[in-house]
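Rule-based calculations on the coordinates, nothing more; no lab input. Owing to the predicted nature of the structure, the values given are computational and were not obtained by experimental measurement. All Cβ positions, even for glycine, are placed from backbone atoms using ideal geometry, and neighbour counts span all protein chains on display.
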Amino acid sequence: MSVPSTNMGPCGLYCGSCPIFQARFFPELRTRLAKELHCREEQVTCNGCRELTDNCWGRACKIRFCAKNRGYEYCSQCPDLPCHRLRKLSMGYRDLPERQLRELEQMETGEFMKLMGSRWTCPCGYPISAHTLRCIKCGKEAEELIPS
């Protein structure tokens, strides 16, 4: 079961690869993340970076606020790229946000989102977490996902 997403955060992370977003569709993942994050299960929720509500995990994302306040859809439009916030986030995700922003610049948005959907779906049909680079169902490693 792939996770439907047409969202990508201003930072370059594809929402369909975000464990918090994925938890909407997989209760067992929500339970595990709540334990790991030391919070209540109902706090592990997100509608995607472009559809955040007051209940969403990423509602206070500083990168999202920065891009919005500067009038940018994606950080790649900013002359300060890469800033300290994006570098810090990218380090935690093996530089994926910055790399995916560069890929987005090279493609039409629809083509890019199609690539993200296929990149972040395991052959077993379940989503791959950008945080662990593993399928959330079968646990298969997906190191080859990192663009060069």
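Each residue of the stretch 109-122 was assigned a 3J(HN,Hα) from its phi angle through the Karplus expression (A = 6.51, B = -1.76, C = 1.60, θ = phi - 60°), giving 4, x, 5, 5, 5, 5, 4, 4, x, 6, 4, 9, 10, 5 Hz with x at Gly and Pro.
Charge tally around R99: other residues with Cβ under 15 Å, Lys/Arg +1 each, Asp/Glu -1 each, net -2. Between E41, E111, E73, the residue with the greatest mean-square fluctuation in the GNM of the chain (Cα pairs under 10 Å linked by springs) is E111.
When Lys and Arg each count +1 and Asp and Glu each count -1, what net charge do the other residues less than 11 Å away from L52, Cβ to Cβ, add up to? Taking every other residue near L52 into account, the sum is +2. Close amide-amide hydrogen proximity is noted between T121 and I128, each under 5 Å apart and 5 or more residues distant or on a separate chain (H modeled in the peptide plane; Pro and chain starts excluded).
Across the stretch 78-91, rounded Karplus estimates of 3J(HN,Hα) from the backbone phi angles (6.51 cos²θ - 1.76 cosθ + 1.60, θ = phi - 60°) give 8, x, 8, 5, x, 8, 4, 5, 5, 4, 5, 4, 4, 4 Hz, Gly and Pro being marked x.
Scalar couplings 3J(HN,Hα) for the stretch 57-74, obtained by applying the Karplus form with A = 6.51, B = -1.76, C = 1.60 to θ = phi - 60°, are 4, x, 4, 9, 4, 5, 5, 4, 4, 4, 4, 4, 5, 8, x, 9, 6, 10 Hz; x denotes Gly and Pro. Put the Cα centre of the stretch 1-59 next to the Cα centre of the stretch 88-118 and the gap is 18 Å. Taking amide H positions as modeled 1.01 Å from N, with prolines and chain starts lacking one, no residue 5 or more places away or on another chain lies under 5 Å from L52.
Mean residue ellipticity at 222 nm, helices only, the chain: -10500 deg cm²/dmol; runs of at least 4 DSSP H residues each add -39,500 (n - 2.57), and the sum is divided by the number of residues.
Computing semi-axes √(5λ) of the Cα gyration tensor in Å for the structure here picks out one of [x] 22, 19, 16; [y] 23, 19, 13; [z] 31, 27, 10, namely [y].
Given their separation in residues at 0.36 nm each and the Cα-Cα distance between them, N47 and K88 gain 12.4 nm when the chain is fully extended.
Computed extension gain for K35 through Y72, at 0.36 nm per residue and net of the alpha carbon distance, reaches 9.8 nm.
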